[in-house]
Structure formats: C-alpha cells, structure tokens
Amino acid sequence: MRIMRSNELPEELRDRIVARHRSGQGYKKNSATLKVPKSTVASIILKWKTFVTTRTLPRAGRPAKLSYRWEKSFGERGKDPKITLAELQRCSQEMGESCKKSTITAALHQSGLYGRVACWKPLLRARHMTASMEFAKRHLKDSEIVRNKILWSDETKMKLFGLNSKRYVWRQPGTAHHLSSAVPTVKHSGGSIMLWGCFSAAGTGRLVAIEGKMNAAKYMDILDKNLLQSAKDLRLGRRFTFQQDNDPKHTAKITKEWLHNNSVTVLEWPSQSPDLNPIEYPCRDLKMAVHQRLPSNLTELERICKEEWQRIPKSRCAKLVASLSRTLMAVLAQKELYYSSTKY
C-alpha cells in the first residue's frame, strides 16, 4: 500500500528556522526553541541552501488518484479474491472517488495482487483430507521400482469445441491452490466424448472412447480389453499395481470380481483426490494438443485424441511419476490444509 506523507510545517515556521540559522543559531538550539525535530531543521535548511526557498516545490509524478481511505477500505473488501473490477469500481464511486478500472488494477498490483485464472478444485470434507494424509504417510517412502510398476488410469471428457470456462481471481504469487482462490467443483457437473486411458512411468497405455453411458458392465469390458494388454505393452509384468479412483462403477461387485479373477492388485485410493493422480497432467497435455488441431467432428476428435496420446513422450511420463514424492511431501507439510496449496 502507498505510504502517507506526514503533515508539512507551515511556511511561516520554516522561514523562522532559516532566519535563526542565518543569525548564527545552531541546529540543536533552533530545534529546542521552536520544538521541531533536529532532523527536520536540518532538512529545511538544506532545502533552503539548495533551492534558495522554503516553499513547497512541485513533486515529480502524477498525484495518487486513490486516497489512503480507499486503500484501507479495499483491505477489507479484498479479503474476497473473487471480487471483480466492476464491483471495486462501484465501491470507489460510492466513496466519491470515481476512477478507471486501470487505476484500480495498478493499485492492486502495488498490493501484490494479480488477476489469474482460478483453479477448479474438488469440494472436500474432513474425511477426504484425512484419507489423503493417510495415503501420503503410507506411500511417501515407496521405492522407484514400486512406483514404476503402477498403471495409472482415469476417465476424461474431450469437448469438440472450446476449452473449459475460466474464472479470474485476485491472488498473490504462490497461492493458486488456496481454497479462497480456487473454484470448488463436484462430480458429474457441439458434442463431446468420454475417454478412458492409462499410463505408467514407461509411457502411455491404451486410450479408448466410451460409447454411451458408462456403467459397471461397460467399465469391466474396457478393463477386459485394454488393462492387461496395456500392462503387457508397457512391460510392467504380471505383478503390476492398478490405480483407479473410487467411482461407484470402479468399486462395483462385478468390477471387483473381474480384478480378483485376473489377479490384479488395486492401489487403495483416497476419495476426492485427483491432485494425487499424476495422470491429470497427461490428460491436460492431451486437451491442449487436441485443441490446437481443431477437429471438425466427433470421429475426427477420437482419432486425434488417440494420436496425441501416443505422442506424449516417455520421458514426460517418467517425470510425472517421479514427481509423486514431492506431491506427497506437500500433503504432509500442509496437513489438514492440504488442498489449500498442493499441486502436483
């Protein structure tokens, strides 16, 4: 915030200080007689010697448009990072300080606040945070060999036109994942397709389109045709670990039976914790790459998705899996405030 200037001495008092100085009176005596700080006396005399005047000289720069009163008021209103420039401008008008949005933006920047797109975060409860903490404690010290044997999976929606909507917030650097700066989401929130895909540290596995509405039987069919083959293609061996979230279709009885009958070890996964899953980044890379190619129909969209999925470098996959250690350490460091600043 801008620092307010202290009240200036009257010109008559400044002239008296200079007059006493010219008559031979020292700084200390001048200060004691007129009850003015010695440093102020010295400053006024130095100004007189330099500019031959005690009058207030024009200051460089344009005077501040917003007063200290407005900035203090913003300190209260600014506690809501989702407040818009239009709302702040309306508040300034109510205080009798009409100004442009660019002026308010400059004041916000001086306060260390910048407009950024808000992150979309799952709506969490205490049990979700506790589960994430327990997961981090159990797997923080997993070896590289163990993590490289994990086959990560997820479903994602690919839109034919456009990207997800954006929401701007005022925040300080390094606070992108704070709850106050993020947009909460819950599950199930031109056309689109749903995809199921998997990857490991060795690279990307299969990516398949989900036809119609997904249910447990359809999910089991996807696993039957793609899971074991992906593990084989990535050379994970028979003793790999399969990761999936806690969607009801994933935890259905027929799904569990199929996994058991095929001797697939499933990684116990905390609910509402997509930030822990390194597959989120390849999915984001996929969406960006597909968006640049501008598919014109759903058939072309599916083809391009599969092409771009296979183009994701193996080194990128290995780096994302290796980053899990940093993610888990961030979870433990933040404790119950895990989702306030964790990023993978």
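Conditions (1) within 19 Å of the chain's Cα centre (by Cα); (2) assigned to a helix (DSSP H, G or I); (3) of a type in the set (A, V, I, L, M, F, W, C), marked per residue:
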residue	(1), (2), (3)
ASP245	no, no, no
LEU320	yes, yes, yes
SER325	no, yes, no
MET329	yes, yes, yes
- Item | Test: THR241 is closer than 30 Å to ARG127 by Cβ and at pLDDT 95 or above | yes
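Considering only segment 255-274, how many residues are assigned to a loop (DSSP other than H, G, I, E, B) and within 30 Å of the chain's Cα centre (by Cα)?
Here the count works out to 7.
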- Note down all Cβ pairs under 6 Å where the first residue falls in segment 163-177 and is over 28 Å from GLN292 (Cα atoms) and among the acidic types (Asp, Glu), the second is part of a loop (DSSP other than H, G, I, E, B) and at pLDDT below 80, and they're at least six residues apart or on different chains. none
- Filter segment 41-54 for residues that are loosely packed, with under 10 Cβ neighbours inside 10 Å and assigned to a loop (DSSP other than H, G, I, E, B) and give the result. VAL52
- Item | Residue satisfying all of: in segment 275-314; part of a helix (DSSP H, G or I) and of a type in the set (Val, Ile, Thr); nearest to the chain's Cα centre (by Cα) among these | VAL290
- Task: Please find, within segment 96-110, the residue that is farthest from TRP170 (Cα to Cα) out of those that are open to solvent by 40 Å² or more (accessible area, probe 1.4 Å) and not in a helix (DSSP H, G or I).
- Result: GLY96
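Among what's in segment 229-243 and is assigned to a helix (DSSP H, G or I) and among the charged types (D, E, K, R), pick the residue that is farthest from GLY203 (Cα to Cα). Please lay out each step first, then the result.
Keep residues of segment 229-243 that are assigned to a helix (DSSP H, G or I), which gives 229-233.
Among the residues that remain, those that are also among the charged types (D, E, K, R) are: 232-233.
Values: LYS232: 12, ASP233: 10 Å.
So the residue we want is LYS232.
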- Message: If I ask for residues that are of a type outside the set (Ser, Thr, Tyr), open to solvent by less than 50 Å² (accessible area, probe 1.4 Å) and farther than 16 Å from ASN226 by Cβ, which ones from segment 239-279 would you list?
- Response: ASP245, ASP247, ALA252, LEU267, TRP269, PRO270, GLN272, PRO274, ASP275, LEU276, ASN277, PRO278
- Note on the structure: Only unsatisfied item for TRP70, checking (1) in contact with a helix residue (DSSP H, G or I) (Cβ under 8 Å, 6 or more places away or on another chain); (2) modelled with pLDDT of 75 or more; (3) surrounded by 15 or more Cβ atoms within 10 Å (Cβ to Cβ); (4) assigned to a helix (DSSP H, G or I), is (2)
- Item | Top-ranked residue of segment 201-220 - restricted to ones that are under 18 Å from ARG303 (Cα atoms) and either out of contact with any Phe, Trp or Tyr (no Cβ under 9 Å at 6 or more places or on another chain) or not charged (D, E, K, R) (or both), ranked as surrounded by the fewest Cβ atoms within 10 Å (Cβ to Cβ) | GLY212
- Scanning segment 123-162 residue by residue, those at pLDDT 85 or above, exposed (fewer than 14 other Cβ atoms within 10 Å of the Cβ), more than 26 Å from GLN292 (Cα to Cα) and among the basic types (Lys, Arg) turn out to be LYS137, ARG138, LYS141
- Where THR103 falls short, out of the listed (1) β-branched (Val, Ile, Thr); (2) in contact with a Phe, Trp or Tyr (Cβ under 6 Å, 6 or more places away or on another chain); (3) at pLDDT 80 or above: (2)
- Would a scan of segment 221-234 turn up a residue that is farther than 19 Å from PRO282 by Cβ, open to solvent by less than 70 Å² (accessible area, probe 1.4 Å) and hydroxyl-bearing (Ser, Thr, Tyr)? no
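The values are calculated or read from the model by the stated rules, or taken from the named source; none is laboratory data. Quick caveat: nothing in here was measured; it's all calculated off a predicted structure. In this analysis, Cβ positions are derived from the backbone assuming ideal geometry, glycine residues included, and neighbour counts consider all displayed protein chains. To get the accessible areas, we keep the full protein, side chains included, count just its heavy atoms, and leave off ligands, DNA and RNA. Shrake-Rupley method; radii C 1.70, N 1.55, O 1.52, S 1.80 Å.
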